[in-house]
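The values are calculated or read from the model by the stated rules, or taken from the named source; none is laboratory data. All values derive from a computational prediction rather than experimental measurement. Glycine gets a Cβ as well: all are built from the backbone with ideal geometry, and neighbour counts include every protein chain shown.
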Amino acid sequence: MQKKTSLLFGVILILLGVLALAGNLLIRAVGDGFLLGFRAWPIFVVGAGLLFCLPPFIFSKVRGLSGLFIPGIPTLTTGILLFIASITGNWHIWAYLWPLEVISVALGFVLMAIFLKVPWLTIPASIIGLTGLVLQFCAATGWWGSWAVLWTVEPFAVGLPLLLIGMFKKIEGVKVAGIILCGFAGLAFAAMSTILVTSLWITRLIGPAIVLALGILMVVSALLKRPAEGKSN
């Protein structure tokens with residue numbers, strides 16, 4: 001335990017040292033003066049994030065530590081964004097990168113699901129992650145009106161992990177529920193993108209593509225299932 005604890009803090013110090021060195025070299029290259037050295041203060045936030053994120057990897061046998069990913073990944077993301085903004089002086093990046101905070105929470109759930117081997121945790125990860133991706137798309141492009149069509153990502157975010165869990169765990173009811181939700185999301189997406197004149201041309205293609213893909217998946221699933229049923233008879 002003592003050896004792993006020393007390893008934990010050693011790795012954190014190394015990473016913080018590399019980050020601080022990179023920041024100081026960048027400041028020296030820019031040549032904005034000595035006071036800019038204080039801009040490296042976000043490394044303390046990065047350090048706090050690392051204190052949360054590294055223990056589950058180092059103490060891998062203690063699976064309960066994977067819960068630290070939920071606060072750890074967002075804290076680490078915040079620290080990195082603060083570091084970039086502070087070093088460059090471009091604080092405006094928060095205007096179009098803040099959805100990364102939402103996506104980082106989803107990543108925390110994904111890592112927790114992997115470490116705990118609990119696939120059901122992918123459901124909140126999918127909901128939060130896909131919502132974060134849509135927010136990131138809107139923040140980067142300024143097309144916030146696209147939510148009139150992109151709200152359909154929410155039922156899809158629930159249906160997709162249910163579909164995958166049902167397929168891999170061979171739970172027919174869960175798979176059917178996933179197909180229904182994904183199908184509803186695809187149909188709603190196709191309908192909304194067709195009805196709304198303001199929707200982008202790409203959205204007019206994605207909805208029908210989702211419906212087509214789900215149809216193919218259902219047909220393939222049915223065809224693969226028949227031989228198994230024949231053998232059981």
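If the condition is being aromatic (Phe, Trp, Tyr) and farther than 12 Å from Gly67 by Cα, then the stretch 95-118 contributes Tyr96, Trp98. At least 3 residues being over 12 Å from the mean Cα position of the chain (by Cα), at pLDDT 90 or above and surrounded by 18 or more Cβ atoms within 10 Å (Cβ to Cβ) is the threshold, and among the helices (runs of 4 or more DSSP H) wholly inside the stretch 115-174 those reaching it are 153-169.
Conditions tested, residue by residue: (1) part of a helix (DSSP H, G or I); (2) surrounded by 15 or more Cβ atoms within 10 Å (Cβ to Cβ); (3) in the same structural domain as Pro42 (by TED's automatic domain parsing); (4) modelled with pLDDT under 90.
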{"position": "Gly64", "(1), (2), (3), (4)": "yes, no, yes, yes"}
{"position": "Ile70", "(1), (2), (3), (4)": "yes, yes, yes, no"}
{"position": "Ile73", "(1), (2), (3), (4)": "yes, yes, yes, no"}
{"position": "Thr78", "(1), (2), (3), (4)": "yes, yes, yes, no"}
{"position": "Leu82", "(1), (2), (3), (4)": "yes, yes, yes, no"}
{"position": "Ser86", "(1), (2), (3), (4)": "yes, yes, yes, yes"}
{"position": "Ile93", "(1), (2), (3), (4)": "yes, no, yes, no"}
